[in-house]
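The values are calculated or read from the model by the stated rules, or taken from the named source; none is laboratory data. As the structure is a computational prediction, the values presented were derived from the model and not from experiment. Virtual Cβ from ideal backbone geometry, glycine too; neighbours counted across all protein chains shown.
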Amino acid sequence: AQAGVRVADAPNHQVYTMLTWQPDSDWTFNAVATRAFGRARAEGDSRDKIDDYSTVDFVAYNDNLIPNLQTSIVIKNALDRENFEPSASVSSLPGDYPLEGRSVRIELTYSLN
């Protein structure tokens with residue numbers, strides 16, 4: 001790409017911030033905020049502009065509830081914002097790709113060590 005030429009659909013700016021709190025040796029808590037902004041459609045794409053988006057996620061995990069098992073609780077898009085990533089063209093998909101809404105899940109990771 002030439003200097004000063006924007007890449008279609010890619011954010012001009014993206015900010016990722018993570019705060020971590022570890023109150024003891026077993027528990028870790030993370031709060032993650034992501035913001036993508038300044039995206040433009042490809043030349044000739046007449047669809048509405050691509051909205052900026054923000055997400056806030058939370059993760060709590062423990063490595064010692066059960067030996068060799070990491071247990072995590074994950075909350076994605078905690079504010080339940082409706083966010084989208086741009087599709088390649090109006091012919092492939094008239095709208096854009098929806099990102100995950102609010103979700104809560106438990107993850108278990110077992111280590112064989």
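Under 7 Å between Cβ atoms, which residue pairs at least 6 apart in sequence (or on different chains) link something in the stretch 23-45 that is farther than 24 Å from Val7 by Cβ with a partner that is outside any strand (DSSP E or B)?
Thr28/Gln22
Restricted to the stretch 80-113, and to residues that are at pLDDT 95 or above and surrounded by fewer than 10 Cβ atoms within 10 Å (Cβ to Cβ), which residue is farthest from Arg47 (Cα to Cα)?
So, considering only residues that are at pLDDT 95 or above and surrounded by fewer than 10 Cβ atoms within 10 Å (Cβ to Cβ), the one farthest from Arg47 (Cα to Cα) is Ile106.
Against the conditions (1) in a strand (DSSP E or B); (2) modelled with pLDDT of 95 or more, where does Pro23 fall short? Just the number, please.
(1)
In the stretch 40-79, which residues are modelled with pLDDT under 90, among the basic types (Lys, Arg) and surrounded by 15 or more Cβ atoms within 10 Å (Cβ to Cβ)?
Arg41
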